[in-house]
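For reference, the structure discussed in these notes is given below.
Since every read-out is calculated from the coordinates, none of them should be taken as a lab result. All figures in this text were calculated on a predicted structure; none of them were measured in a lab. With ideal geometry, Cβ positions are generated from the backbone for all residues, glycine too; neighbour counts draw on all protein chains shown.
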Amino acid sequence: MSANLEHSLSRPPTAGRTARQGAISIDDVVKVYDPDGAAVMAVDHCTLDIPAGEICMIVGPSGCGKTTLLNAIAGFHSISSGTIRMDGEVLCGPGKPQAEPGSDRIVVFQNGALFPWKTNLENVAFGPKMQGKLSHKEIYAKARSMMADAGLNGTENNYPGEVSSGLRRRVEIVRALMNDPKVLLFDEPYRALDSLTKSVMHEALLEIYYKNKVTIFFITHDLEEAIFLGHRLVIMTSRPCRPKKILDVDIPHPRDYSVLTSPRFRELMEETSAIVHEEAKKSFAAGEKEG
Ligand SMILES: Nc1ncnc2c1ncn2[C@@H]1O[C@H](COP(=O)(O)OP(=O)(O)O)[C@@H](O)[C@H]1O
Ligand SMILES: [Mg+2]
């Protein structure tokens, strides 16, 4: 293990964040798929500690095993060995290969998961209404307040199709946050967008994050996106994945788009792009397809 990786794995949570919950600890996790007896190892002895409230960006080539890891945390898939914990409690591990999905860890689908026939407010209120833990009044007060915090004032009675895609994606994040999750999981949510639209999405995500310091596990293969958003960058090897390099992004938050032209941003891009490129080439040579 390199000194850099060792340092990053053992370091305490970065100061300045207030989240007390939502620390994810991935310990020596292996995942082998075995469709029709043809074993495919997707995750190879992966160890990674994500402090509560961190924006942790997972970067790696297509097919390396990123989604597999996210699904294991979310409880959508089992792991073959190792342990995943949240705040010290085992989500999955020996004797319990699959985590139970829960509202404490939510996958934010950023593209079309809203009900088009419900208003934005009704979409946001939907989860807690189903859970039935809060009163009608409490749910709508919370929904309105969270929407206002996320810059969605005035869009409550619109349908998702009536607002811009940027606002729609804010609604999707607020809808996830209504369940008081400790961890939000994003799987390449902005991959199909052009860079200008992406920049609007990034600012929206950060703005919402600054008010709700949940842990964010965010998969991307866009290095610029990863450095712009993340407290930390985890560059994965080609399949089967495990961290190849872990890097602190030492650019202070709150960030805005001026960061992209800063010398430190460019340095970090230079420091990491060769490593990402090298893994992508290996992956390409192995004929990986996107998972
Ligand atoms: N359900 C599955 N059954 C068999 N193989 C799978 C399954 N899901 C993913 N894989 C394989 O596991 C590897 C990693 O996939 P995935 O985690 O989706 O990669 P990524 O998200 O990094 O693109 C790929 O080779 C993919 O084909
Ligand atoms: Mg994937």
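Angle check, please: helix 195-211 long axis (alpha carbons) against the longest principal axis of the chain (alpha carbons), in degrees 0 to 90, nearest 10. Value to nearest ten degrees: 70. Among the cysteines of the chain, those with no neighbouring cysteine Cβ under 4.7 Å are Cys46, Cys56, Cys92.
Need one word for segment 120-189: rounded, prolate or oblate. Basis is the Cα gyration tensor (sqrt eigenvalues a ≥ b ≥ c); a/c below 1.5 gives rounded, then a/b vs b/c decides. Oblate. Global size of segment 39-118: 14.2, 45 Å for Rg and Dmax (C-alpha atoms, Rg to one decimal, Dmax whole).
Straight-line reach from Lys96: taking Cα to Cα under 24 Å and skipping same-chain neighbours fewer than 8 places apart, the lysines in range are Lys31, Lys66, Lys182. Our estimate of slack between Ser81 and Glu207, defined as 0.36 nm per intervening residue step minus the Cα-Cα distance, is 41.6 nm. Relative to the longest principal axis of the chain, what angle (0 to 90°, nearest 10) does the C-alpha long axis of helix 263-285 take? Here the helix axis deviates by roughly 60 degrees.
Computed over neighbours whose Cβ is under 11 Å from that of Leu206, the net charge equals -1, Lys and Arg +1, Asp and Glu -1.
If the chain linking Ala286 and Asn157 were pulled fully straight, counting 0.36 nm for each residue of separation and taking away their Cα-Cα distance, it would gain 41.4 nm. Is it possible to state the helix-based mean residue ellipticity at 222 nm for the chain, with each DSSP H run of 4+ residues giving -39500 (n - 2.57), the sum divided by total residues, to the nearest 500 deg cm²/dmol? What is it? Theoretical 222 nm ellipticity from helices: -11000 deg cm²/dmol. Other residues lying with their Cβ under 14 Å from the Cβ of Tyr190 contribute a combined charge of -3, Lys and Arg counting +1, Asp and Glu -1. The C-alpha atoms of the chain occupy a region whose extents along the principal axes are 52, 49, 37 Å, arranged from largest to smallest.
One decimal place: the segment Lys137-Ala113 gains 6.2 nm when fully extended, by the rule 0.36 nm per residue minus the C-alpha distance.
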